[in-house]
Amino acid sequence: MLKGRGVSVRYKLDDELLKRTVSGLVLAVAFISGIYVGGIYWQLLCSAAALLSLREYYGLLSIHFHVSKGIGFGAAIAILSATWCSTRAEIYLVILVVSTFAVFICEIIRRELKGYSTALHNVGGTLSGLLYVVLPWSFIIQLRFNPLGPILLLALFACTWSCDVVAFFAGKRWGRAPLSPAVSPKKTWEGFFSGLLASILCATFIAYALTLPPFPLVLMGILVGIAGQLGDLSESLLKREAGVKDSGHLIPGHGGLLDRFDSIILSGTLFYLLFELLF
């Protein structure tokens, strides 16, 4: 009886790993081809990822709070459209300010009609989705316009995925010291440092394979290895507070898009800061 149960559990784990691997490869092919092709395909791919991730984020918040999803999605579409059409950063601030007052207007009407309002958390929740999900994806879209955009994006995704995979398996195999047990009990310091090392080695390999100066790419590897895992922990905190295992069910073996790209959105923002604004 116990033997049969053990076989069943092992089969379930193997099946889950297979789903995770296949869906991961499909995503990798989609985004690597997007990096290569660029143009409208890249913009639409990232915009779709941003909107679907925003839907999942608002779904998490809606478990406990009221969120003006219509205003949030309208603002998200405006931000992503501005990414395509305008190079002026001020347009993002205008959209955020207009969205803030749009939520306030809705809350004023709610209080007049229903006798209560939820402005304190509605404004914060609606805008946080734009700041946490949509703006980072707009930065990732814009990275492709950089003369070194394809290389930067390839390094970003390759280092992030290397870090995720190695941290996952190293943590399962050698993990002993919990990284943040109150937020994500399965994450360990051994997995963290293994993922960081994998990200650095991946960046170094890309630098030498493409005969590029190693220092900027190694710096990127360190950045991704740390920021990516902090992004992962941040989303784990959201799910912990919402009381759910995954942000969604769109990707077999991974959960939602936010589960898959939680590392990318923080790393991508820092990449944009580093290579577009500082260099």
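The values are calculated or read from the model by the stated rules, or taken from the named source; none is laboratory data. Model, not experiment: these values are computed from the prediction. Don't worry about glycine lacking a Cβ; one is built from the backbone with ideal geometry, like all the others, and counts go over all protein chains shown.
The table that follows gives values for the structure above.
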item: Unique residue being buried (at least 22 other Cβ atoms within 10 Å of the Cβ) and at pLDDT 90 or above when the list is SER180, SER199; result: SER199
item: Single condition LYS172 does not satisfy, out of (1) farther than 30 Å from GLY72 by Cα; (2) charged (D, E, K, R); (3) at pLDDT 90 or above; result: (3)
item: Of all residues making up segment 122-177, the number that are crowded, with 18+ Cβ neighbours inside 10 Å and within 21 Å of LEU25 (Cβ to Cβ); result: 15
item: Scan of segment 18-38 for residues that are more than 21 Å from the chain's Cα centre (by Cα) and at pLDDT below 90, ordered by number; result: LEU18
item: Verdict on LYS186 being over 26 Å from LEU273 (Cα atoms), modelled with pLDDT under 90 and under 20 Å from the mean Cα position of the chain (by Cα); result: yes
item: Those residues of segment 191-210 which are among the aliphatic types (A, V, I, L, M) and either in a helix (DSSP H, G or I) or touching a His at 6+ places or on another chain (Cβ under 7 Å) (or both), in sequence order; result: LEU196, LEU197, ALA198, ILE200, LEU201, ALA203, ILE206, ALA207, ALA209
item: Residue that is in contact with a helix residue (DSSP H, G or I) (Cβ under 8 Å, 6 or more places away or on another chain) and either surrounded by 20 or more Cβ atoms within 10 Å (Cβ to Cβ) or not assigned by TED's automatic domain parsing to the domain that holds LEU237 (or both), where the choices are ALA119, ALA89, ALA48; result: ALA119
item: Flag for SER267 being buried (at least 24 other Cβ atoms within 10 Å of the Cβ), touching a residue at least 60 places away in the same chain (Cβ under 8 Å) and either of a type in the set (S, T, N, Q) or not in a helix (DSSP H, G or I) (or both); result: yes
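So that you can scan it fast, the table gives a plain yes or no per residue for (1) out of contact with any helix residue (DSSP H, G or I) (no Cβ under 9 Å at 6 or more places or on another chain); (2) assigned by TED's automatic domain parsing to the domain that holds SER199; (3) without any contact (Cβ under 8 Å) to a residue 24 or more places away in the chain; (4) more than 23 Å from SER23 (Cα to Cα):
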{"site": "PHE215", "(1), (2), (3), (4)": "no, yes, yes, yes"}
{"site": "MET220", "(1), (2), (3), (4)": "no, yes, no, yes"}
{"site": "GLY228", "(1), (2), (3), (4)": "no, yes, no, no"}
{"site": "GLU235", "(1), (2), (3), (4)": "no, yes, no, no"}
{"site": "ALA242", "(1), (2), (3), (4)": "no, yes, no, yes"}
{"site": "LYS245", "(1), (2), (3), (4)": "no, yes, yes, no"}
